[in-house]
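Worksheet: the structure to be examined is printed underneath.
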Amino acid sequence: MGVTRTDGVLQSAPKKDSGRAHRDARPEGTCIQVGRVEIGGPGFVVMAGPCAVEDAEQTERTAAAVAAAGAHVLRGGVFKPRTSPYSFQGLGEPGLHVLTEAGKRHGLPLISEVMDASQIPLMEESTDILQVGARNMQNYTLLRALGKVRKPVLLKRGLAATIEEWLLAAEYLLEGGNEQVMLCERGIRTFETAMRNTLDLAAVAYVKQRSHLPVIVDPSHATGDPRLVLPMSLAAAAAGADGLLVEVHPWPERALCDGRQALTPEGFQDLMRRLPAVLAAMDRHLSQPERPAQLLGVR
Ligand code: PEP
Ligand code: MN
């Protein structure tokens with residue numbers, strides 16, 4: 001018999017209709033295979049790229065830089081959930097072609113956001129991980145539709161979501177039959193205004209105990225400040241995260257979206273250089289990016 005909590009929510013002995021995300025449902029932890037990369041295993045995985053795909057040159061420059069620095073997955077939004085309807089909304093389908101070409105050239109699998117169930121067929125076909133943005137964490141119609149998809153889903157924590165609400169959102173995906181779910185802590189809204197959000201690193205350590213799902217940290221949206229991305233990335237690795245989702249832009253001052261928080265390619269390289277020491281302290285390591293032989297070139 002498992003322990004029954006007085007709040008009655010996730011019990012350690014999962015019932016048929018609840019608690020699929022609970023650690024007891026899979027004590028060994030969930031590992032998600034994305035191309036040659038394993039997320040949730042001993043190797044730490046880094047997903048990096050621009051907030052939004054803006055054009056072919058920006059995407060290519062970013063993809064080349066993050067691949068050279070050792071990133072495992074290329075990120076890039078083509079459908080952008082913007083606070084203002086007057087802001088750049090993403091390139092949509094043409095942007096997806098730009099992203100897929102860059103991914104192919106550099107041997108990187110792709111993660112990109114799906115904002116609406118109508119975008120699922122397109123995104124499912126062309127990307128490797130479907131991102132649910134913070135603003136959509138409780139869009140249950142979307143979550144139910146993604147429960148039917150046979151591709152991994154990265155579920156961002158809502159702007160003001162409790163851990164309970166976040167895990168219950170994950171239940172919608174699991175209950176629908178999609179077991180390839182990873183969680184992403186991207187900062188929450190608190191009384192603090194010095195940073196864009198408050199990175200809840202304790203939530204990372206806590207959720208790793210309570211759930212078997214891999215946890216990714218997004219230090220870019222969590223802080224909104226490129227100077228804080230390095231220390232918070234290292235702290236995320238120390239807190240037990242399974243990987244990072246980081247925004248990188250070759251020319252942050254010109255970015256159409258979230259330029260103020262983007263790392264430059266040099267900043268990203270520095271991060272990748274410093275991660276292994278922290279991971280080693282936790283008996284972990286940076287996952288080896290295993291690029292196809294034709295992309296490795298002669299050394
Ligand atoms: C993003 O990843 O660019 C994004 C919009 O993130 P979030 O949903 O966390 O705000
Ligand atoms: Mn962004």
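For first residues located in region 119-135 and farther than 15 Å from Trp166 by Cβ, partners that are open to solvent by 10 Å² or more (accessible area, probe 1.4 Å) and within 12 Å of ligand 1 (Cβ to nearest atom) and lie 6+ apart or on another chain with Cβ distances below 7 Å form the pairs Gln119/Phe79. Would region 278-288 turn up any residue that is part of a loop (DSSP other than H, G, I, E, B), closer than 18 Å to Val66 by Cβ and within 16 Å of ligand 2 (Cβ to nearest atom)? There is no residue in region 278-288 that is part of a loop (DSSP other than H, G, I, E, B), closer than 18 Å to Val66 by Cβ and within 16 Å of ligand 2 (Cβ to nearest atom). Scanning region 146-160 for residues that are surrounded by fewer than 19 Cβ atoms within 10 Å (Cβ to Cβ), among the aliphatic types (A, V, I, L, M) and over 17 Å from the mean Cα position of the chain (by Cα) yields a count of 1. Scanning region 112-140 for residues that are of a type in the set (Gly, Ala, Ser) and more than 17 Å from Ile32 (Cβ to Cβ) yields Ala117, Ser118, Ser126, Gly133, Ala134. Against the numbered list (1) under 29 Å from Ala235 (Cβ atoms); (2) open to solvent by less than 60 Å² (accessible area, probe 1.4 Å), Glu165 comes up short only at (2).
Of all residues in region 50-62, those being in a helix (DSSP H, G or I) and within 16 Å of ligand 1 (Cβ to nearest atom) number 3. Note on region 1-40: residues that are part of a loop (DSSP other than H, G, I, E, B), modelled with pLDDT of 95 or more and open to solvent by 10 Å² or more (accessible area, probe 1.4 Å) amount to 7.
Residues are listed down the side, and each one gets a yes or a no for (1) open to solvent by 10 Å² or more (accessible area, probe 1.4 Å); (2) under 30 Å from Leu174 (Cα atoms):
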{"position": "Ala205", "(1), (2)": "yes, yes"}
{"position": "Ser233", "(1), (2)": "no, yes"}
{"position": "Ala238", "(1), (2)": "yes, yes"}
{"position": "Pro252", "(1), (2)": "yes, no"}
{"position": "Ala255", "(1), (2)": "yes, no"}
{"position": "Gln269", "(1), (2)": "yes, no"}
{"position": "Ala277", "(1), (2)": "yes, no"}
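Look at (1) within 15 Å of ligand 1 (Cβ to nearest atom); (2) under 27 Å from Glu38 (Cα atoms); (3) in contact (Cβ under 8 Å) with a residue 40 or more places away in the chain and you find that Ala67 fails only one, number (1).
The values are calculated or read from the model by the stated rules, or taken from the named source; none is laboratory data. Since this is a predicted model, take the numbers as computed values, not measurements. Counting neighbours? That spans all protein chains shown, and the Cβs are built from the backbone with ideal geometry, glycine included. We work out accessible area using only protein heavy atoms, side chains counted, and drop any ligands, DNA or RNA first. Shrake-Rupley method; radii C 1.70, N 1.55, O 1.52, S 1.80 Å.
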